[in-house]
Amino acid sequence: MDPKVAAAVAAAEAAGPQSGQTVRVDSWIWSVRLVKTRSLGASACRGGHVRVNGERVKPAHAVRVGDEVRLRHEGRERVVVVTRLIRKRVGAPVAVQCYIDNSPPPPPREAVAPAGIRDRGAGRPTKRDRREMERLRGMPGPGPAAGFRPGPGSGSGKPRP
C-alpha cells in the first residue's frame, strides 16, 4: 500500500468510532463514496434501496465490521462487505480500503448507449425528428385519437371569405 494512502487510512480510522462502536449506514455509504451526498444516502435508505445483511434499513441503522451492505443506486446494484468503519468522507483510494466489493460487473457501455442524441449545431429538431426520438426512447407519442378534432361552434370547416 502506498505510504500516503496508509497515512490517510490511519487518519480516517483515528477520526472514526472506537473499537466496538458502530456508524450510521447513511453516513458510512457516503464516507466510502458509494453515494455523492449523505442526504442521497438517507433518501436511498428511506426508499428501501439499502439492505444490510438482507433486510431493509433506516438511515440510522448501525453498521458493523463484517456486515454486507447492498445498495441499488443509478440503475446498478452495489454489494459490499464492511471492513473498516469511518465517519469522515475520505478520498477514493482510502475509501476502497474500507470495504470488499462483491458487486456484479457493470453493463457494457454499448448496451447503455443513449438513444436519439443529435449532433451539436444541428438546430432544433423537426416534429418528425422529435417523434422519431420519442419512439427510440420508448415514450408513447400521440396516437390518431389524440389528433386535432374541431370542437362545437367551429363552423362548417369552410374557409372564411
- Query: Does at least one position in the range 90-101 carry a residue that is at pLDDT 85 or above, over 25 Å from the mean Cα position of the chain (by Cα) and of a type outside the set (D, E, K, R)?
  - Reply: no
- Counting only residues that are free of Cβ contacts under 8 Å to residues at least 24 places away in the same chain and under 18 Å from the mean Cα position of the chain (by Cα), which one in the range 59-89 is surrounded by the most Cβ atoms within 10 Å (Cβ to Cβ)? R70
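Select from the range 43-58 the residues that are assigned to a strand (DSSP E or B) and within 13 Å of the chain's Cα centre (by Cα) and list them in ascending order.
Step one: list which residues in the range 43-58 are assigned to a strand (DSSP E or B), which gives 50-52, 55-56.
Listed by number, the list holds a single entry, V50.
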- Task: Residues being more than 17 Å from N53 (Cβ to Cβ) and surrounded by 12 or more Cβ atoms within 10 Å (Cβ to Cβ): count how many of those fall in the range 90-105.
- Result: 8
- Item | Any chance R135 is open to solvent by 80 Å² or more (accessible area, probe 1.4 Å), in contact with a Leu (Cβ under 8 Å, 6 or more places away or on another chain) and either under 30 Å from A6 (Cα atoms) or at pLDDT below 90 (or both) | no
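The values are calculated or read from the model by the stated rules, or taken from the named source; none is laboratory data. This one's a predicted model, so the numbers in the text were calculated from it and none came from an experiment. Because the Cβ atoms are built from the backbone with ideal geometry, glycine has one as well, and the counts that use them run over all protein chains shown. Just the protein is used for accessible areas: all its heavy atoms, side chains included, with ligands, DNA and RNA removed. Shrake-Rupley method; radii C 1.70, N 1.55, O 1.52, S 1.80 Å.
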